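Structure first, then comments.
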Amino acid sequence: GCYGVTEVGGSITFQSWEDALAVQSMGAAAPGTEIRAGSETAPAEVLIRTPFMAKGYLIKGELTGIGDAEGFFHSGDLGFMRDGLLYFSGREHDLIKKGGEFVSTQQIEDLGLRNKGVTDVAAVGVPDEFWGARVVLFYVPGQGAAEAEILAEFDRLFAEGLRAVERPDKIIPVPWMPKTSIGKIVKRELVEKYTLGNGVAA
């Protein structure tokens, strides 16, 4: 496996056979490439500086640079470095800060979709005075699926695959998911329609 971004010339990390054994590692930086990221307990945006970086974006005939003042490209991906290897934690907007820890909505959704009783899921963070955020999981039940069985399966999946802080605080069934024309779930609509803005079912 490797990690790459088009703007920086493709792959910027490469895995050796040994690296591939390190779970979810994207490998070490390619020669001449510098990567900055966060720590395991505090993932941060992955910044990349490489001689292969694009000169910029061509917008209305003007070339707009893509690096910051130090020449680093801001990827929008979150990750951390450990033992010289890059680990990917998700996209910046996929992370919720709950109780001082980062929780990945993508990870919750990937696990939730393993539930055979549902056809779609969406995890969102809603503001909470005590925790900072609470995690709400919306799901569309499959035809003929019993709610009790669906919830029992979520319990099993999340108990096995997530830390306690990552598990959804509330699970709400919805008839369908509001989506954009390209099929992306509009999470803001779910929160507005089905919660009172604080994770409490309306």
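Sorted largest first by accessible area at a 1.4 angstrom probe radius, with every protein chain in place, the residues K187, K60 fall in the order K60, K187. Computed with a 1.4 Å probe on the full set of protein chains, the accessible area for F52 sits at about 130 Å².
Candidate cross-link partners of K179 among the aspartates and glutamates, defined by an alpha-carbon separation under 19 Å and a same-chain spacing of 8 or more, comprise D94, E109, D110, D120, E189, E192. Remark: region 40-50, residue by residue, has Karplus-estimated 3J(HN,Hα) of 4, 7, 9, x, 9, 4, 7, 10, 10, 10, 8 Hz, where x stands for each Gly or Pro and the curve is 6.51 cos²θ - 1.76 cosθ + 1.60 at θ = phi - 60°. The mean accessible area for residues of region 69-202, using a 1.4 Å probe and ignoring ligands and nucleic acids, is 55 Å² per residue.
So for M177, M26, what's the accessible-area order with a 1.4 Å probe, most first?
M26, M177
Cross-link pairs exceeding 21 Å in C-alpha to C-alpha distance, out of K97/K193; K170/K193; K97/K187; K60/K184; K98/K184; K60/K187, comprise K97/K193; K60/K184; K98/K184; K60/K187.
Charge tally for E129 (other residues, Cβ to Cβ under 15 Å; Lys, Arg +1; Asp, Glu -1): +1.
What does the charge add up to near T180, with Lys and Arg as +1, Asp and Glu as -1, over the other residues with Cβ less than 13 Å from its Cβ? Around T180, the surrounding residues sum to +3. Put simply, the amide H of T195, placed in the peptide plane, has neighbours under 5 Å in A202, leaving out anything fewer than 5 places away on its chain. Stokes-Einstein diffusion for region 108-202, with the hydrodynamic radius set to the Kirkwood value over Cα pairs and evaluated at 20 °C in a medium of 1.002 mPa s, equals 157 µm²/s.
Residues E101, E166, sorted by accessible area with the largest first, give E101, E166 [1.4 Å probe; ligands and nucleic acids excluded].
Given their separation in residues at 0.36 nm each and the Cα-Cα distance between them, K184 and I172 gain 2.4 nm when the chain is fully extended.
The spread of Cα positions in region 88-145, taken along each principal axis and listed from longest to shortest, comes to 39, 28, 13 Å.
The values are calculated or read from the model by the stated rules, or taken from the named source; none is laboratory data. Because the structure is predicted, anything quoted here is derived from the model rather than measured. Ideal geometry is used to build each Cβ from the backbone, glycine not excepted, and the neighbour counts take in all protein chains shown. Remember, those area values only see protein heavy atoms, side chains included, never the ligands or the DNA or RNA. Shrake-Rupley method; radii C 1.70, N 1.55, O 1.52, S 1.80 Å.
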